[in-house]
Each structure stands twice: as C-alpha cells, then as structure tokens.
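The values are calculated or read from the model by the stated rules, or taken from the named source; none is laboratory data. Not measured: the values here are computed from a predicted model. Cβ placement follows ideal geometry from the backbone for every residue including glycine, while neighbour counts extend to all protein chains displayed. The area values use the complete protein model at the heavy-atom level, side chains included, leaving out ligands, DNA and RNA. Shrake-Rupley method; radii C 1.70, N 1.55, O 1.52, S 1.80 Å.
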Amino acid sequence: MTFWNNPINLIANWLNGLLTGWHLPGTLATILIFVIGITVLIVFAMVLDIGLVWVERKVVARFQDRLGPNRIGPFGLIQPVADIIKMVIKEDITPAGADRIVYNIAPVLAATSVIVLWAILPLASTIYGVDLNVGLLYIVAAGAMGTLAIIMAGWSSNNKYALLGAFRMVANMISYEIPMVIILLVPTILASTMSVRGITEAQSGMWFAILSPLACLIFLISAIAELGRAPFDLSEAESEIVAGFHIEYTGMKFGWFYAGELLHAFTFGGFMAILFFGGYGGFFGLEKLATFTWLNIPFVQALVFIAKAMLGYWVIMWIKYSVPRIRIDHMLAFNWKFLVPLSLVVLINTAILNKVLSGMPDWGYVTGMFGSNIVIGFVTIEILRAYGRKKRKAETKPAPQAQTQEQTV
Amino acid sequence: MTGEQIIFLITGVLILVSALLVVTTPKLLHAALWLVAALFGVAVLYATLQANFLAVVQVVVYIGAIAILFIFVVMLTRRELMEKGRQTRSNWWIPALLGLLILAGLVLLILSIPGVGRTVTVLPAGLDSVFALGSALVSPDAYVLPFEVASILLLAALVGAVYVATLDKK
C-alpha cells in the first residue's frame, strides 16, 4: 500500500538501499538518486511535449474547420515523431556574421527556462521536484531567463527582423511581468504562503478562482503575454517581421524554441490549475469522505492535475486561434493603463478583505471575496464603456485641423 | 572537502572569470552576457547559503534587468551591432588599483565582523525564512522605517521619471 501512497519516496529509498549495498558512499548515492530523479522528470516533460505537438495540431485544425494530421498512425498520432525526424535531419545553418556561441546557446536557454519550471510543479501531494518556499517568485525568475534567451537569439542572428522581434518580445514580457507579479500576490495572501504546494493544499476547501475570479483572469492574460502567443505574438508576426527571433534558426535549434513554447503553454496551464483551480486536489472537501478516498492516491492526483493543466492549455489555444494579433501600442496601453491598475485594485481589495473577513464563517468569507470581485469587475466594465463612448463621440465629430488645412491650401 | 565547499570554489572561480571578462571583452554585448553569468553565480552562492529568497530575487532583478541593459547597449552603439573596439584605455591601471584598494578595504571590514569563518548552520526544518523576512520588514521594532524610506525614494524616482518623460510635450 505504501507504493500507492508515496511512490517516489519508496523508489528513492529502494535505490538508496541498492546503491549503498554496492558500497557507494552515502552522499554519492544521494547525488546519483537526485540526478536520476531530475532525468526522469525532464524525460517525462519532453515526452509529454511530443504529445502536445499532436494536441496542438489537432486542436488548431478543429478551430480552422480542418481535420488535422490523420494519415500517419491512428488519428495521426505518430505525426509528431515524423515532425521530429524531419527537424533532426534538416540542414543546420548558422548565418554568416552570426555570433556563433550566443546563437547556439539561445535555443538551449529558451528550452531550459521552461524545463526549470517543472522543478516546482507538484504533480501530486507526494510527487514533486522541490517544495520551494519562494515558489511563485521562482516562476518570475524563470521568465526572466526566457526573456534573456529571446534577446540573445534576436541579437546573435545578425538579422534586422530577428532583432526587431526580440525587442518587441522584451517590451512585451517586461511589461506583462508587472501585472503577473502583482497578481501572484493574491494567491500568496489567500494561502499565506508562496510555496506552490502550500497554495495547492490551501485550496482543498475552496478554489481561489472562486475567491478571486478577476485575479484568475488577469493571470491568464499576463501568462499568454509571457508566452508570446497570439494575440501577443508580435515578436513573430509573419506579415511584418517574417518570424521574429527564430527567423534564422533551422532544424532542431528551431525545434527547441517550438518545443519550449508548447511546453511553456502547458506549464502555464498547469500553473493556472495550481494557483486558481486547486491543482492536484481541490474537490471541495469531497476527498475527505470515505467513498472518495481514492482521490488521494498520488497517481489519481497526477491524472487530475494533468487534466486540469490540459484544460488550461486548451483555453490558451482557444484564445490563440480566435483573437487577432494586437498592435504594439495597443498592447502596451492595455497593459499599463488597464491591467496594472486593475491588478493593483484587486490586490488591495484582497489584502483588506482577507483581514476584515477573517473572523467570518466560511460562507461569509467566500461570498465577500466573490462579491467584491464582481463589484470591481462591474465598475471596470462601466468605466470602459464610458471611455469607449467618449472615444466614439470624439471620432464622429469632424476634425477641426483638417478644415483649417483645406482653407490654407 | 565537503560538497558545499566544492560548489563554492567552482562558482567563485566562475564569478571571478566572468567578472574579469565583463571589463576585458571587446564586444559590449558580450560584456552584458558575462555580467549575467557573474550575477547568476552570485545567485548560486545565495542558494548554497540557504537564502532562497535572495537567490531568486537576484535572478529576477538582475537577469531580468540585463535584457533592458542589452537594449540600451544596442541603442547606444547605434549602427555597428557587432562593434569591436578596445575596451581599455591607456590609464586602465588607475581604476584597477582603486578596485584592488576597495577589495582590500572590504576584506578587512568583513574580517572585523564577529562570526566570520563559521560554518553554515543548518536552518531548523520548520522555519519559514520568507515569512520571517516579511514580518521583519514591516514590524516597527525591526526594519519598517528603512523599508518605507526606500519605498518613498523609489516612488520619488518614478514620479521624477514620468515628469522628465512628459517635459517635451508641453
């Protein structure tokens, strides 16, 4: 039964016994076990990534009223393998004038910045890499590494379009990092911990998506911006700058960017699930009932987590294939004039109400939190509506400058 | 030699080498990248000292800011993105000497602090260092005043930057 309750620990203990049985020193055995654990986690993430290629291609096909890959294997399931073989055997080109070392490091760094996120991703209550007490800041730190990778790729390619794409991407990621950091404080306040696992455990009674739906929405928007996916894909706008920072990359070097992007989207789907939808748990207390104790088995929890992460990934894809690309000035204005103030209001509201309502019974706390979010959302929409009406009125009026110009001519 | 010492030595050498390369490499952008390597090494040192929060903040603040620095470098070097100029002037030895003097002073200062040379004490398992740091920053008998003063300074800088940016439009 212990295998079903704590499989990773059991395997680690068994390996430790095996290795020390071979007369290895204790520290070396521990290091070896960690290396094996890390390798298994990365392999799991990358194999999942291969599956994501197929999911992405199938889903985009459905959104565009096509069938998608359906020739190789059942339902085109072997298509990603064919994709990978194609990428690996393609000619590997380094453009003349490129900064060779930086050019080659950039794709590796881009993929690394995603894979390091898996260290803190709790797949189940007993299956996780490490339980950092600064987990949420770690997400932001990994994002900073991703930004660096992109600007390295853009600069070292020695290509104007690549550099422009990288500049856009940096403007995008650095601006949207701010609402993301602010909104990450909302789950921190609600769970009173920054540990990702602690936040999951704190949602066993009530999802944070219900306590603070606005925070959930703002996190989704800034996560999509951080991913650089449509509608925030100005960095690779085909019609303007060809393909942005991965214009010069061929073969598997491009493959790393592509794989990294897909895995990043899935990982952020996972963080949506963890921060706002209860992660591997969060069945509103259902798992405490005798008939539902099987929900606490780590493998079931991991399946639940992956299902929730897939749902988040699907929402990100849904937005990607439905919303057109936005212009760079609109993107920046949307961030600085709308998202940042709104996230600050949500944060202050959560901090105050969390203190005021702490003495209330559970139903009062939940109603207060949810109600305040609805009020903020309603007021925001009203302000936006008034602003839009003002803009439309200003546009319908004839522009006075145009008339004076006509008279002078 | 313990594992921590080995990690410390490797990271220390990496930090020193990359810090030296920051000032000697001919390409400005490579200097920015070596700076990233040096600052990342410092983050590793923080992590080995169990200062998780500092380590992560080091990465967020410095490596996140390097991207901005990168853009400034590109903008300031104008047309030649692959600029290859000499990074040193003929009187490079004066700042080098000053740097060594400051290093000597810092080493003397640090050696005078009691408790230097102690081995790292392992933190108790239940201690939440982030919580302790957070409550120290806002508790009146700890650091609330310096914390608030620093916040007001940053706010003033922000207001000043906005004012300077809008000067042209008037």
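General observations
- The set of residues in the stretch A:199-210 being open to solvent by 10 Å² or more (accessible area, probe 1.4 Å) and either outside the structural domain of residue A:136 (by TED's automatic domain parsing) or not β-branched (Val, Ile, Thr) (or both) consists of A:201, A:202, A:204, A:205, A:206, A:207, A:209.
- Residue under evaluation residue A:273, criteria (1) more than 20 Å from the chain's Cα centre (by Cα); (2) modelled with pLDDT of 85 or more, criterion not met: (1)
- Residue within the stretch A:191-198 that is surrounded by 24 or more Cβ atoms within 10 Å (Cβ to Cβ) and not charged (D, E, K, R) present: yes
- Top-ranked residue of the stretch B:5-33 - restricted to ones that are within 11 Å of chain A (Cβ to nearest Cβ) and not aliphatic (A, V, I, L, M), ranked as farthest from the chain's Cα centre (by Cα): B:27
- Residues satisfying the stated conditions in the stretch B:106-140, i.e. of a type outside the set (Val, Ile, Thr), under 19 Å from residue B:48 (Cα atoms) and more than 14 Å from every other protein chain (Cβ to nearest Cβ): B:115, B:117, B:118
- The residue of the stretch A:104-128 that is farthest from the chain's Cα centre (by Cα), among those that are among the polar types (S, T, N, Q) and assigned to a loop (DSSP other than H, G, I, E, B), is A:126.
- Considering the stretch A:57-103, and only residues there that are open to solvent by less than 60 Å² (accessible area, probe 1.4 Å) and part of a loop (DSSP other than H, G, I, E, B), the residue that is nearest to residue B:35 (Cα to Cα) turns out to be A:99.
- Test: residue in the stretch A:282-296 that is of a type in the set (Lys, Arg), modelled with pLDDT under 85, over 30 Å from residue B:162 (Cβ atoms) and open to solvent by 70 Å² or more (accessible area, probe 1.4 Å): yes
- The stretch B:45-56, residues that are at the interface with chain A (Cβ under 9 Å from one of its Cβ atoms) and open to solvent by 40 Å² or more (accessible area, probe 1.4 Å): B:52, B:53
- Assessment of the stretch B:97-120 against the conditions (at pLDDT 85 or above and part of a loop (DSSP other than H, G, I, E, B)) yields no matching residue.
- Residue within the stretch A:364-380 that is of a type in the set (Ser, Thr, Tyr), more than 28 Å from the chain's Cα centre (by Cα) and more than 15 Å from residue A:208 (Cα to Cα) present: no
- Which listed residue, of B:41, B:64, is within 9 Å of chain A (Cβ to nearest Cβ) and part of a helix (DSSP H, G or I): B:64
- Set A:130, A:108: member being of a type in the set (A, V, I, L, M, F, W, C), more than 8 Å from chain B (Cβ to nearest Cβ) and free of Cβ contacts under 8 Å to residues at least 12 places away in the same chain: A:130
- All of A:375, A:356, A:340, A:379 fail the test of being touching a Pro at 6+ places or on another chain (Cβ under 7 Å) and aliphatic (A, V, I, L, M), apart from A:340.
- Scan of the stretch B:12-38 for residues that are in contact (Cβ under 8 Å) with a residue 40 or more places away in the chain, part of a helix (DSSP H, G or I) and closer than 23 Å to residue A:104 by Cβ, ordered by number: B:24, B:28, B:29, B:31, B:32
- Screening the stretch A:134-174 for residues that are within 15 Å of residue A:103 (Cβ to Cβ) and touching a Pro at 6+ places or on another chain (Cβ under 9 Å) and picking the one that is surrounded by the most Cβ atoms within 10 Å (Cβ to Cβ) gives A:153.
- Scanning the stretch A:111-126 for residues that are within 14 Å of chain B (Cβ to nearest Cβ) and either open to solvent by 80 Å² or more (accessible area, probe 1.4 Å) or of a type outside the set (A, V, I, L, M) (or both) yields A:112, A:113.
- Set A:149, A:166, A:153, A:141: member being in the same structural domain as residue A:260 (by TED's automatic domain parsing), in contact with a His (Cβ under 8 Å, 6 or more places away or on another chain) and either in a helix (DSSP H, G or I) or without any contact (Cβ under 8 Å) to a residue 40 or more places away in the chain (or both): A:153
- Count of residues meeting criterion [part of a helix (DSSP H, G or I) and of a type in the set (Lys, Arg)] in the stretch A:293-347: 3
- Evaluating residue A:75 against the criteria (1) more than 21 Å from residue A:269 (Cβ to Cβ); (2) touching a residue at least 24 places away in the same chain (Cβ under 8 Å); (3) not assigned by TED's automatic domain parsing to the domain that holds residue A:317 leaves one unmet condition, (2).
- Per-region count, the stretch A:233-258, residues open to solvent by 20 Å² or more (accessible area, probe 1.4 Å) and in a helix (DSSP H, G or I): 10
- Residues in the stretch A:79-105 that are in contact with a helix residue (DSSP H, G or I) (Cβ under 6 Å, 6 or more places away or on another chain), within 14 Å of chain B (Cβ to nearest Cβ) and among the aliphatic types (A, V, I, L, M): A:98, A:102.
- Which listed residue is away from every other protein chain (no Cβ under 14 Å) and hydrophobic (A, V, I, L, M, F, W, C), from A:151, A:183, A:178: A:183
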